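Where a number appears in this text, it was derived from the coordinates with a stated rule and is not lab data. Computed from a predicted structure; not experimentally measured. Don't worry about glycine lacking a Cβ; one is built from the backbone with ideal geometry, like all the others, and counts go over all protein chains shown.
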Amino acid sequence: MFPQLAGLAIGSVQLRAGTIVVHVASTDAPVVCPGCGTAGRVHGHVDRQLADLPVGGQRVLVRLRFRRLRCATIGCERQTFREPLPGLAGPYG
């Protein structure tokens, strides 16, 4: 129904001072390096906060955690890269 949400899991939903906070994390599906196509290994995590449209007069925040990966190929131009989340949140969006 929502293909842009494939590969994401909702961890929790909380109500804080009139704001609905939804915690979402990416699943552990393999991610390949955009430079050479080799499978990346987890290097760390990146957190982003996205604002969504209000629901019932309450502000909605989506706290998104996704992986930062390191390419295993020596000499690859892309040493580290972020897990892509197409259709959900573009760079700087």
Study note, to complete from the structure: Residue-ordered couplings for region 54-71, obtained by feeding phi - 60° into the Karplus form 6.51 cos²θ - 1.76 cosθ + 1.60 and rounding to whole Hz (Gly and Pro as x), are x, 10, x, x, 10, 5, 10, 10, 10, 9, 10, 10, 9, 8, 9, 10, 10, 6
Review point. Quick one: what Rg and Dmax do you get for the chain from the alpha carbons, in Å?
Key: 15.5, 52
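About the Cα centre of the chain, what is the dipole size in debye to 20, counting +1 per Lys and Arg Cβ and -1 per Asp and Glu Cβ, all else neutral?
220 debye
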Point to revise | Long-range amide H partners of residue 31 with built H, under 5 Å | key: 40
Review point. How large is ³J(HN,Hα) for each residue in region 18-35, as worked out from phi by the Karplus curve 6.51 cos²θ - 1.76 cosθ + 1.60 (θ = phi - 60°), to whole Hz, x for Gly and Pro?
Key: x, 10, 8, 10, 10, 9, 10, 9, 6, 7, 8, 5, x, 10, 9, 5, x, x
Point to revise | Choice from 65, 16, 41 showing the highest fluctuation, given a GNM over the chain with Cα pairs closer than 10 Å | key: 16
Revision key, fill the gap. For residue 67, the net charge from surrounding residues (Cβ-Cβ under 14 Å; K, R +1; D, E -1) works out to +3
Exercise for review: Could you grab the Rg to Rh ratio for region 33-86? Cα atoms only, Kirkwood for Rh.
Suggested key: 1.21
Revision key, fill the gap. Residues other than residue 40 with Cβ under 14 Å of its Cβ, Lys/Arg counted +1 and Asp/Glu -1, net out at +3
Check your understanding: In whole percent, what relative contact order does the chain give with Cα contacts below 8 Å and a gap of six or more residues?
Key -> 27 percent
Practice item. Would you look at the GNM of the chain, springs on alpha carbons closer than 10 Å, and say which of 11, 44, 75 moves the most? Key: 75
